[in-house]
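To keep things clear, I will list the structure first and then write my remarks on it.
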Amino acid sequence: MRHSSVVRLSIICSLIFPGAVPAIALGQAPSRDSTAALLGELIRVNTSNPPGNVRGIAELLAPRFRALGFEVKVLQTADTGKAIIIARLKGDGSKRPVLLAAHADVVGVEREKWSLDPFAGVEKDGHVYGRGAIDFKGGMAVFARAAMMLAERKIPLARDVIFVAEADEEGGGPYSTTWLAREHWADIDAEFALNEGGWIMKGDDGKVRYVSVSTADKASIPLTVTARGTSTHSSMPRPDNAIFALSRALAKISTYETPLTITPETRQFFGALSRTSTAPMSGYLRDVVGADPVRARKADSIVSRDPLLHSLIRNTIAPVIINGGFRANVIPGSAQATINLRMIPGSDPAALVAELTRVVADPSVELSIGSRTFAATPVSPVNTDLYRALEHAAKAQFPGAEVTPYLFQAGTDAGAWRTKNVPVYGIYPYPIDADELTRMHGNDEKVSVASLRQGTEMIYQTLLDVARKP
Ligand SMILES: [Zn+2]
């Protein structure tokens with residue numbers, strides 16, 4: 001389509017669909033799949049954080065939910081770029097609401113490393129490409145479509161179904177779900193909720209091996225390692241060089257491995273993995289969470305070659321930032337590194353810091369997590385109607401796959417509900433393979449249209465099961 005008429009068409013479309021740029025305006029055939037089409041539109045609203053302007057998402061979705069009879073609130077924050085949409089489909093109130101939460105912001109991109117425009121929402125080779133395709137605009141599209149289908153089909157409900165597109169999950173800005181819970185709890189209170197978290201993993205044969213539903217997240221804790229020495233002229237080096245001391249400390253920490261720490265969810269997850277694996281890996285997956293410490297240690301050396309599996313069975317230590325020095329002729333008085341600790345629920349961060357201090361064994365080096373207290377977030381129980389409904393729908397959608405609770409290795413914004421004892425189940429509601437998993441927060445992020453379709457049906461069946469009037 002000639003540039004001038006594309007421009008003209010985009011202007012017309014932006015008048016009709018504020019914030020939305022339909023595929024046709026970009027010379028793309030509109031997707032025949034409604035979830036894939038919606039995902040393309042969500043991707044075209046660039047919500048990279050920072051700055052994390054998610055207002056366009058609220059503007060895109062609000063008229064569509066309203067048109068289907070949802071009660072829609074758009075919460076404007078003091079930041080004009082950040083408005084949060086809450087859409088509620090009313091039930092008869094005989095049961096408490098069920099909530100679907102999806103963060104609208106995405107991480108930034110290294111544009112030059114993508115083979116296509118990360119914000120064009122291109123559908124190619126049966127996949128929708130773009131930043132957020134997996135994390136988490138794909139989930140937003142699936143959740144939104146599943147909720148809309150309840151309205152389109154006029155399903156009588158016993159509980160309200162609430163959809164939230166929240167802000168500041170990726171960037172840690174001021175208007176995250178912590179803010180939402182503090183300022184607008186009545187709008188997001190529910191009996192239980194779905195959010196991002198567990199994986200629907202395909203095996204090498206393309207078949208879904210397991211569906212993991214996260215019931216807890218590891219806690220992300222920043223640890224600072226500060227080495228101090230004499231600040232002086234670089235022509236007269238001394239033994240107490242802060243940069244050397246920091247390097248030695250980090251070298252010692254790099255060879256330290258934390259002990260296995262297995263939660264009940266992780267034991268169940270590895271059991272499911274073992275049952276869907278072949279020997280010898282099936283044995284190692286069983287042993288690493290087993291009672292025999294010798295067999296567990298042996299199995300750990302094999303299983304931990306997989307970074308995801310390694311992160312699920314222990315507290316992890318990852319240096320992320322290092323600073324030292326400010327002039328080429330000055331030996332700095334201090335040098336500092338930031339390490340990202342990811343803690344298994346119930347683990348004591350102070351005990352790990354004490355252990356690392358013992359490992360470093362250098363009085364000129366201080367390790368600190370500051371004075372913040374890290375309250376444990378309750379693990380969401382699996383004996384609820386929502387977990388059962390999701391488990392049932394997953395088994396129906398993916399026959400033969402194992403469905404298992406799961407400890408999420410990264411962080412989500414589910415804590416705002418969990419700390420108020422509202423169970424949250426995390427899922428990326430579309431089958432993906434190992435390659436697609438690596439593209440999350442990476443380049444050429446994509447999700448298949450077929451997976452979006454299966455995910456939408458699974459979540460729709462889950463909502464029918466948990467919310468429909470008996
Ligand atoms: Zn995410």
For region 224-241 and region 243-290, what is the centre-to-centre distance using only Cα atoms, to the nearest Å? 37 Å
Helix 449-467: angle to the longest alpha-carbon principal axis of the chain, degrees 0 to 90, nearest 10? 80 degrees
Bridge orientation stat for the chain from DSSP, antiparallel percent rounded to 5, came to 65 percent
Once every DSSP H run of n ≥ 4 in the chain is given -39500 (n - 2.57) and the sum is divided by its residues, what mean residue ellipticity at 222 nm do you get, rounded to the nearest 500 deg cm²/dmol? -11000 deg cm²/dmol
Treating the angle as unsigned and between 0 and 90°, give the value, to the nearest 10°, between the Cα long axis of helix 264-275 and the longest Cα principal axis of the chain. 80 degrees
Solvent-accessible area, 1.4 Å probe, carbon plus sulfur percent, for the chain: 55 percent
For region 29-84 the mean separation of alpha carbon contacts under 8 Å (6+ apart) over residue count, i.e. relative contact order in percent, is 29 percent
Using the Karplus curve 6.51 cos²θ - 1.76 cosθ + 1.60 with θ = phi - 60°, what ³J(HN,Hα) values do you get for each residue of region 56-61, in whole Hz, with x for Gly and Pro? x, 5, 4, 5, 6, 8
Percent relative contact order for region 219-368, counting Cα pairs under 8 Å at least six residues apart, stands at 42 percent
Residue separation times 0.36 nm, minus the C-alpha to C-alpha distance between ASP306 and TYR256: what's the value? 16.2 nm
Crossing angle, helix 293-303 versus the chain [Cα axis fit, 0-90 degrees, rounded to tens]: 60 degrees
Of the listed links LYS124/LYS207; LYS90/LYS137; LYS73/LYS218; LYS202/LYS420, those spanning more than 28 angstrom between alpha carbons are LYS73/LYS218; LYS202/LYS420
Selected from GLY346, PHE398, ILE322, residue furthest toward positive end of dipole (region 307-430; charges at beta carbon): ILE322
Give the calculated FRET efficiency between LYS298 and LYS420 to the nearest 0.05, with a Förster radius of 45 Å applied to their Cβ-Cβ distance. 0.60
Quick one: plug the Kirkwood hydrodynamic radius of region 219-368 (C-alpha pairs) into Stokes-Einstein at 37 °C, 0.692 mPa s, and report D in µm²/s. 189 µm²/s
Between GLY229 and residues 5 or more places away or on another chain, the pairs with built amide H atoms under 5 Å apart involve ALA242, SER334
I need the per residue convex hull volume for the chain, using only the alpha carbons, in cubic angstrom as a whole number. 172 Å³
Cα-Cα P(r), region 89-223, percent of pairs per 10 Å interval: 10, 30, 36, 20, 4, 0
Using 1/(1 + (r/R0)^6) with R0 = 30 angstrom and r between the beta carbons of ARG388 and ALA450, what's the FRET efficiency to the nearest 0.05? 0.70
I need to check one value: relative contact order of the chain, counting alpha carbon pairs closer than 8 Å and at least 6 residues apart, in percent. 22 percent
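The values are calculated or read from the model by the stated rules, or taken from the named source; none is laboratory data. Nothing here was measured: the structure is a model prediction, and the numbers come from that model. Here Cβ is always computed from backbone atoms with ideal geometry, including for glycine, and neighbour counts include all displayed protein chains. Areas reflect the complete protein model, heavy atoms only, side chains present, ligands, DNA and RNA absent. Shrake-Rupley method; radii C 1.70, N 1.55, O 1.52, S 1.80 Å.
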